[in-house]
Amino acid sequence: MKETSSLGLNKTGIKTSPLLSKQMVTGMEEFRKMPLDESITANEFRQAYISESGEAAKVPAPATAKGAISSGMQMLKGNDPRILIDKLGERIAFERTGVRLYDALITKCELLDTEETVSRLRTFREEEAHHFEIVRDVMEKLGGDSTAMTPCANTAGVASMGLLQVISDPRTTVAQCVQAILIAELADNDAWDLLIQLADEAGLAEQVKQFQIAKDNEDTHLEFMREWLKELTLRKDTEAEQGRH
Ligand SMILES: [Fe+2]
Ligand SMILES: [Fe+2]
């Protein structure tokens with residue numbers, strides 16, 4: 001495992017196999033000659049699915065066991081608390097994934113990086129875990145189920161899957177992993193801004209203060225990852241080969 005990629009054999013490009021690539025192009029031409037059903041285009045086919053499909057998930061209504069709207073919900077300003085519940089669910093899912101992303105990066109960096117860098121990552125990991133706890137508590141206080149997968153939690157989870165795959169892959173470099181974490185931190189940062197505005201509109205003044213502290217942490221994470229990626233990418237190859245020891 002290295003901090004940045006090395007030069008070597010890579011057969012994925014068309015130029016490394018002129019014979020097979022020629023066969024591939026010929027095969028494609030053969031495929032074009034096959035009779036196709038032209039009554040429906042690929043786009044129309046996909047659009048038919050889009051129009052006919054239902055929702056991937058619904059926002060669970062925060063209610064008491066007897067079905068009444070929870071008292072926490074009744075306190076909220078505004079007419080429709082669904083978006084707030086959905087976005088709280090999204091943050092719960094994303095911060096939980098953030099902990100896993102940092103765990104995987106720490107495991108990798110323990111082999112290669114300085115104790116100072118690893119200790120910084122451990123701090124970020126603890127902050128992500130704390131953010132998860134803050135949002136979980138708010139969801140519970142409003143009467144929601146913090147374990148429920150809301151629609152936005154579902155899509156955030158799906159979107160993060162690739163990031164987790166990059167970082168968990170034992171072959172990826174630290175630079176590639178930092179790029180993946182940077183994507184997560186960029187999304188995280190904007191999402192906290194939006195959640196703060198939503199909570200503010202709902203009149204959750206105390207929670208806005210807590211969320212603002214989390215957002216300040218996220219600003220630090222983002223800045224650190226931006227600088228680290230720059231450092232790993234812009235320095236000379238010889239330095240990259242030596243690692244950060
Ligand atoms: Fe986060
Ligand atoms: Fe973060």
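The alpha carbon centroids of segment 99-119 and segment 171-237 are separated by 17 Å. Of the residues Leu111, Met225, Gln197, the one whose Cα sits farthest towards the positive end of the charge dipole of the chain is Leu111 (charges of +1 on Lys and Arg Cβ, -1 on Asp and Glu Cβ, taken about the Cα centre). Straight Cα distances below 22 angstrom link Lys77 to the lysines Lys58, Lys87, Lys141, Lys209, with same-chain residues fewer than 8 positions distant left out.
Per-residue Cβ neighbour counts within 10 Å put Glu38, Glu231 in the sequence Glu38, Glu231, beginning with the fewest. Compared with the direct C-alpha span, the chain from Glu29 to Gln47 gains 3.7 nm at full extension, assuming 0.36 nm per residue.
Roughly how many debye, to the nearest 20, is the charge dipole of segment 42-242 about its Cα centre, given +1 on each Lys and Arg Cβ, -1 on each Asp and Glu Cβ, and no other charges? If you can, show how the numbers build up before the last one.
Values: 22 positive and 36 negative charges, 119 e Å.
Using only the charged Cβ atoms, the result is roughly 580 debye.
When the charge dipole of the chain is built from unit charges on Cβ atoms (+1 for Lys and Arg, -1 for Asp and Glu) and taken about the Cα centre, the candidate among Val135, Gly157, Thr172 whose Cα reaches farthest toward its positive end is Thr172.
Within the chain, which whole H helices from DSSP have a Cα span along their axis of at least 24 Å and a mean Kyte-Doolittle hydropathy of 0.0 or more, if any? If you can, show how the numbers build up before the last one.
On the way: long enough: 82-112 (45 Å, 0.23); 115-141 (39 Å, -1.05); 151-168 (25 Å, 1.03); 174-201 (40 Å, 0.65); 205-234 (43 Å, -0.84).
Going by DSSP H runs, the hits are 82-112, 151-168, 174-201.
Taking Lys and Arg as +1 and Asp and Glu as -1, the other residues whose beta-carbon sits under 12 Å from that of Gln23 total -1. Structure remark: mean-square fluctuation, Gaussian network model of the chain, C-alpha springs under 10 Å; the largest value among Arg96, Arg82, Arg171 belongs to Arg171.
Since every read-out is calculated from the coordinates, none of them should be taken as a lab result. Worth saying up front: this structure is predicted, and the values here are computed from it rather than measured. Glycine also receives a Cβ, built like all others from the backbone with ideal geometry; neighbour counts cover every protein chain displayed.
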